[in-house]
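A quick write-up on the structure given underneath.
The values are calculated or read from the model by the stated rules, or taken from the named source; none is laboratory data. Since we're looking at a predicted model, the values are computed, not measured. With ideal geometry, Cβ positions are generated from the backbone for all residues, glycine too; neighbour counts draw on all protein chains shown. To get the accessible areas, we keep the full protein, side chains included, count just its heavy atoms, and leave off ligands, DNA and RNA. Shrake-Rupley method; radii C 1.70, N 1.55, O 1.52, S 1.80 Å.
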Amino acid sequence: MFTRRSFFNGAGLAVAAATVGKRALAALPEIVSTDSASMQPPLVPPNGRPYHPVATLNGWSLPWRMRQGTKEFHLVAEPVVREIAPGMKANLWGYDGQSPGPTLEVVEGDRVRIFVTNRLPEHTSVHWPGQRLPNGMDGVSCLNQPSIKPGQTYVYDFTAQRAGTFMYHPHADETTQMAMGMMGSWVTHPRDPGQMRVDRDYVFLLNAYDISPGSFTPKVSTMLDFNLWTFNSSAYPGTDPMLARLGERVRIRVGNLTMTNHPIHLHGHEFVVADTDGGWTPPGSRWPEVTTDIAVGQMRAIEFTAAAPGDWAFHCHKSHHTMNAMSHTLPTTIGVESGDLTRKITSLVTEYMSMGGAGGAMDGAASGAMQMQMPLPENTLPMMTGSGPHGPIEMGGMFTVMKIRADLAHGDYRDPGWYQAPAGSVAYPWEGETPAVERG
Amino acid sequence: MSAAAQYDIEETLTFNVLSLLTAPYARDIEKRRFAQVQGTLVIAVMQLANATRQAYFAAVAAHQSAQYLQQVKTAAEAGAELARRMLAAGNWNILDQTHEQGFYADAKRRLTQARWQQETTREKLRQLMGLSGEQPALRLAESLPDLPQHLEDLPDVEQILLQNRLDLKVQRMQIDALARRLGLTKATRFINVLDMGPTRVLQGDKSQPYERGYEISFEVPIFDSGAARVRRAEAQYAQAIDRFAQSAVDARSQIRQAYAAYRACFEIARQQRDEVVPNAKLIAAQNLLRYDASLISVFDLLADARLQITSVDDYIHSVRDFWMAKSELDTALLGNFTP
Ligand SMILES: [Cu+2]
């Protein structure tokens with residue numbers, strides 16, 4: 001849910017006042033934030049140029065204030081607690097109560113003013129990749145502007161000149177700040193709402209974290225060996241499904257702010273890449289695909305027609321990116337009968353933990369924790385999880401489901417549940433005789 | 001062996017000592033000699049009791065240790081067998097497999113050592129208890145007694161010496177008897193032997209009366225009239241006083257050392273119990289969770305379990321050391337525990 005906090009109750013008030021002055025402070029847009037990690041309904045523009053709003057997967061769009069023809073947004077860079085999936089929360093840095101921050105939606109030609117208040121314990125800045133803007137608004141700390149010190153509020157002011165999909169992220173201590181989840185999406189809609197019009201327009205970012213099982217805060221010095229791969233900081237089964245009515249035109253805008261590439265794959269449909277960071281792709285240059293690789297720092301918007309009803313998997317094609325935290329050093333046990341021995345070893349450990357030391361009942365804090373016998377370390381998602389209509393889905397990380405239904409109303413984003421496949425249209429077990437397998 | 005039976009052993013070892021200690025002291029001179037013999041006997045029993053208690057704690061600890069190391073060996077054996085299967089299936093190479101095999105060999109060696117220690121300590125205990133080969137097998141408690149809740153304070157050492165040290169009582173009686181036997185009757189002064197080193201004598205306070213009686217006192221009369229008639233007797237008496245002074249100072253030092261050991265062993269065992277072992281168990285529990293979550297392999301679990309189980313072995317030894325130190329202290333409070 002949105003909460004509207006009066007800025008005058010905000011902790012940053014005193015310091016912000018020192019920076020921008022009392023008169024300017026009174027003119028700051030109020031802070032809007034949310035504590036929900038679920039997908040909010042698209043934000044229908046209450047004023048300004050009309051457009052068809054996006055739906056941010058496991059996210060939301062930030063309301064603005066229209067002031068003298070300028071759209072004013074207020075981003076508060078701050079520590080947040082984000083639910084990655086039920087059963088796991090992360091201590092991240094983000095904007096306006098969530099990480100990633102809210103999606104900013106404007107229209108080509110809009111004059112935009114973004115107030116950025118820094119409530120982090122260190123300096124920051126915001127860079128707007130791909131935007132055509134004055135050099136002093138590009139946000140590279142100490143190249144284009146002084147860094148925003150803790151407690152300060154800075155103002156970015158430019159015109160959204162080009163329609164397309166953009167991102168925003170800090171350009172100050174950026175390895176740390178992006179490892180902590182500081183990023184957000186930006187959509188500039190075409191001035192003509194009919195141009196590149198789709199029925200459902202989804203947007204989200206790809207993110208990677210390294211959160212040691214049992215802990216809450218990402219290891220910011222990890223550069224490659226991440227253990228959580230997420231769509232908008234949500235891991236399956238915490239990711240929302242995407243929905244479409246049969247026959248609707250669907251766009252999915254995916255920005256990659258991780259340190260590796262992600263081949264994004266949709267089942268049951270062909271799509272085209274209709275938009276990149278640089279703009280709409282010329283129709284003649286598009287070719288059909290079912291997987292498109294999104295390189296580091298890139299954005300790709302795919303488009304397709306929801307042609308077939310069903311629950312269609314949508315995921316990164318790196319299989320370890322569709323798993324939650326796991327070991328990368330487990331030995332292969334295929335072909336090894338090990339149950340009897342592993343039972344022997346684990347029962348030794350269990351027995352040992354229940355032993356009363358040397359002749360006395362163990363007391364103290366540790367024994368309490370032991371008796372709980374949690375199946376997993378605290379705050380840790382199962383490596384493979386999720387249950388579907390036919391059993392455990394055994395997925396995690398960058399995975400969700402594209403749900404296409406004939407009976408879904410236009411603009412309805414509520415989860416319709418599992419697809420009821422028509423009789424005779426589901427793979428079935430062979431009931432007859434199975435010929436003996438001959439091996440040489 | 002049940003807890004009740006274990007208590008019986010303790011009781012047997014201490015009963016006679018206590019009854020001897022609480023026996024009323026002889027009131028007249030004829031019984032002084034009996035009192036000396038009584039004191040000497042009590043010291044001998046006490047020394048045997050201490051030696052037996054030490055052997056008992058060592059034997060129980062060795063038994064517990066052997067049990068733990070048996071478990072480590074069982075787990076290492078499972079690990080080695082699993083490693084062999086990994087090699088046979090082609091999932092591991094000979095290097096991986098040999099590492100696990102090495103752990104198993106080490107666990108076997110440690111178990112053999114622990115069993116040897118178990119047999120040695122049991123035999124020592126049987127010997128001290130006077131059990132011969134035909135007598136029924138010695139059955140020990142499964143584990144050492146728990147640590148007490150609190151450390152006992154050490155009362156004033158000189159007070160303890162005054163009240164409890166049987167060896168000093170005996171020596172004191174011997175000094176009085178010697179003076180009488182030598183016919184020394186005219187004390188020239190009194191000294192407190194605890195204030196005198198073995199090589200120097202301090203002047204005492206003459207005004208204090210020489211308390212007659214059989215309570216132990218470190219104030220002894222000095223006879224140094226210098227008269228030719230008694231010179232030889234006085235010299236012999238002075239040597240006895242020197243020995244008594246040396247014994248009293250040694251006794252005080254023994255008690256302080258024994259108390260220091262008792263206190264340190266208690267702290268170590270308590271820390272093992274309250275910090276080290278709970279930490280080790282928490283690590284084992286967390287590792288088991290990580291194993292269940294496919295975050296570590298069964299080999300990682302096993303390698304860590306070996307380390308954690310070792311900490312329990314250390315704890316057993318720290319509890320053993322505490323009870324041994326306690327027994328030494330109890331003995332030191334009553335008499336010279338060094339046979
Ligand atoms: Cu990926």
Given the conditions (1) surrounded by 21 or more Cβ atoms within 10 Å (Cβ to Cβ); (2) within 11 Å of another protein chain (Cβ to nearest Cβ), and given that B:ALA332 satisfies all but one, which numbered condition is not satisfied? (2)
Here are the criteria: (1) open to solvent by 40 Å² or more (accessible area, probe 1.4 Å); (2) within 14 Å of chain A (Cβ to nearest Cβ); (3) not hydrophobic (A, V, I, L, M, F, W, C). Tell me which single one B:GLN239 does not satisfy. (2)
Filter region B:231-263 for residues that are small (Gly, Ala, Ser) and in contact (Cβ under 8 Å) with a residue 40 or more places away in the chain and give the result. B:ALA233, B:ALA240, B:ALA245, B:SER247, B:ALA248, B:ALA251, B:ALA258, B:ALA261
One residue is enough: does region A:274-290 have a residue meeting the conditions within 16 Å of the ligand (Cβ to nearest atom), in a loop (DSSP other than H, G, I, E, B) and open to solvent by less than 30 Å² (accessible area, probe 1.4 Å)? no
Can you confirm whether region A:329-350 contains a residue that is away from chain B (no Cβ under 14 Å) and either within 16 Å of the ligand (Cβ to nearest atom) or not in a strand (DSSP E or B) (or both)? no
Of those in region A:299-321 that are open to solvent by less than 10 Å² (accessible area, probe 1.4 Å) and within 16 Å of the ligand (Cβ to nearest atom), the residue farthest from A:ARG200 (Cα to Cα) is A:HIS321
Do we find a residue being within 14 Å of chain B (Cβ to nearest Cβ), within 30 Å of A:PRO86 (Cα to Cα), at pLDDT 85 or above and part of a loop (DSSP other than H, G, I, E, B) anywhere in region A:310-324? yes
Give region A:120-140 a look and list any residue that's surrounded by 18 or more Cβ atoms within 10 Å (Cβ to Cβ) and over 16 Å from A:PHE166 (Cα atoms), or say none. A:LEU120, A:HIS123, A:THR124, A:SER125
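Of the residues B:ALA264, B:ALA227, which is more than 30 Å from A:GLY214 (Cα to Cα), surrounded by fewer than 18 Cβ atoms within 10 Å (Cβ to Cβ), more than 14 Å from chain A (Cβ to nearest Cβ) and at pLDDT 85 or above?
Answer to the selection: B:ALA264.
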Selection count, region A:241-257, where residues are touching a Ser or Thr at 6+ places or on another chain (Cβ under 8 Å) and surrounded by fewer than 23 Cβ atoms within 10 Å (Cβ to Cβ): 4
Just checking, which of B:LEU128, B:LEU182, B:LEU151, B:LEU168 is open to solvent by 20 Å² or more (accessible area, probe 1.4 Å) and touching a Ser or Thr at 6+ places or on another chain (Cβ under 8 Å)? B:LEU128
Do you know which residues across region A:57-82 are among the charged types (D, E, K, R) and within 26 Å of A:VAL250 (Cβ to Cβ)? none
What residue, among those in region A:190-219 that are open to solvent by less than 50 Å² (accessible area, probe 1.4 Å) and β-branched (Val, Ile, Thr), is nearest to the other protein chains (Cβ to nearest Cβ)? A:ILE211
Could you go through region B:296-304 and let me know if any residue there is outside any helix (DSSP H, G or I) and either within 14 Å of chain A (Cβ to nearest Cβ) or among the polar types (S, T, N, Q) (or both). yes
Collect the residues in region A:238-265 that are more than 16 Å from the ligand (Cβ to nearest atom) and under 19 Å from A:GLN40 (Cβ atoms), keeping them in residue-number order. A:GLY238, A:ASP240, A:PRO241, A:MET242, A:LEU243, A:ALA244, A:VAL250, A:ARG251, A:ARG253
Which of the residues belonging to region A:409-424 are open to solvent by 70 Å² or more (accessible area, probe 1.4 Å) and charged (D, E, K, R)? A:ARG414, A:ASP415
